[in-house]
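The values are calculated or read from the model by the stated rules, or taken from the named source; none is laboratory data. In this text, all values refer to a predicted model and were calculated from it rather than measured experimentally. Using ideal geometry, Cβ is built from the backbone for each residue, glycine included, and neighbour counts are taken over all protein chains shown. Quick note on the areas: whole protein, heavy atoms, side chains included, nothing else; ligands and nucleic acids left out. Shrake-Rupley method; radii C 1.70, N 1.55, O 1.52, S 1.80 Å.
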Amino acid sequence: MINSYYILENGEKTGPYTQYELMDMGLDIHTMVLSPLDEDWQQACDLPEFNEYFEQQGYLFPTATNLASFWWRLLAYLLDYIIIIVIVAVFFIVLSIILSLTGGSPILTDDESSTKAEPILNLVGILAMISYHSICEATSLRGGLGKKICKLSVVDANGMRISFSKALSRNLGKILSSMVLGIGFLSIFWDDHRQGWHDHLAKTYIIKH
């Protein structure tokens, strides 16, 4: 039977099963499977015929065909950057209004105070970007709104949503990627898995779906 599969259960070979019988059994991504089209045992997640089944379970496996290009990632980043700028601007406008209504000093009163406040504003912007991306990547969104619009997702090697700690390390790693003329981002062009330095650091992938 061309559609006969065997699996390892407690170290023992069991089967044969059809593809659909395995899915009805609740096949796990790490289950070792012997495909009728291969002589070697493989993890279920490495068999393309089960990709759709695992996607329905919430897995989005990074493959050679769905890894996001540099340009899609750049577009998503620009969209997220605009969103963050708007959020930060609205925050400071609301804060200024509250301070003026309560008799406090305005945040920015003249060119000199604006110059002094610039480093603080830059720091707030960086922290906002890191927090925004880290939180969004650790949720079911698997990325910021820009990635959602571009249909991109941040996943680990198993196609799963990443944890907040991994998302935080990934976004802190962008500081490293930005060094030396941004070569850590440009490496996406020639990297086999289209990963930037920060992706390698957190062991994450960006896929388009």
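Along the chain, the longest continuous region that contains none of the trypsin sites (Lys or Arg not before Pro) in a DSSP loop with at most 14 other C-beta atoms within 10 Å is 1-150.
The charge dipole of the chain, taken about the Cα centre with unit charges on the Cβ atoms of Lys, Arg (+1) and Asp, Glu (-1), comes to about 820 debye, rounded to the nearest 20. Hand me the chymotrypsin sites (Phe, Trp or Tyr not before Pro) from segment 14-68 located in a DSSP loop with no more than 14 other Cβ atoms within 10 Å, in residue order please. The qualifying sites: there are none. Dividing the summed -39500 (n - 2.57) terms of all DSSP H runs of n ≥ 4 by the residue count of the chain sets its mean residue ellipticity at 222 nm at -16500 deg cm²/dmol. When the Cα positions of 178, 196, 37 are compared along the charge dipole of the chain, 178 comes out farthest toward the positive end, with charges on each C-beta of Lys, Arg, Asp and Glu. Phi angles of segment 44-56 translate, via the Karplus equation with coefficients 6.51, -1.76, 1.60 and θ = phi - 60°, into HN-Hα couplings of 4, 5, 8, 9, x, 5, 9, 4, 4, 4, 6, 4, 5 Hz per residue; Gly and Pro are given as x.
Rounded to the nearest 10 degrees, the inclination of helix 111-137 to the longest alpha-carbon principal axis of the chain is 20 degrees. Counting only protein heavy atoms and a 1.4 Å probe, the chain has 60 square angstrom of accessible area per residue.
Between helix 164-186 and the chain there is an angle of about 70 degrees, using the helix long axis and the longest principal axis of the Cα atoms. Would you mind telling me the share, in percent, of accessible area of the chain contributed by carbon and sulfur at probe 1.4 angstrom? C and S atoms contribute 63 percent here.
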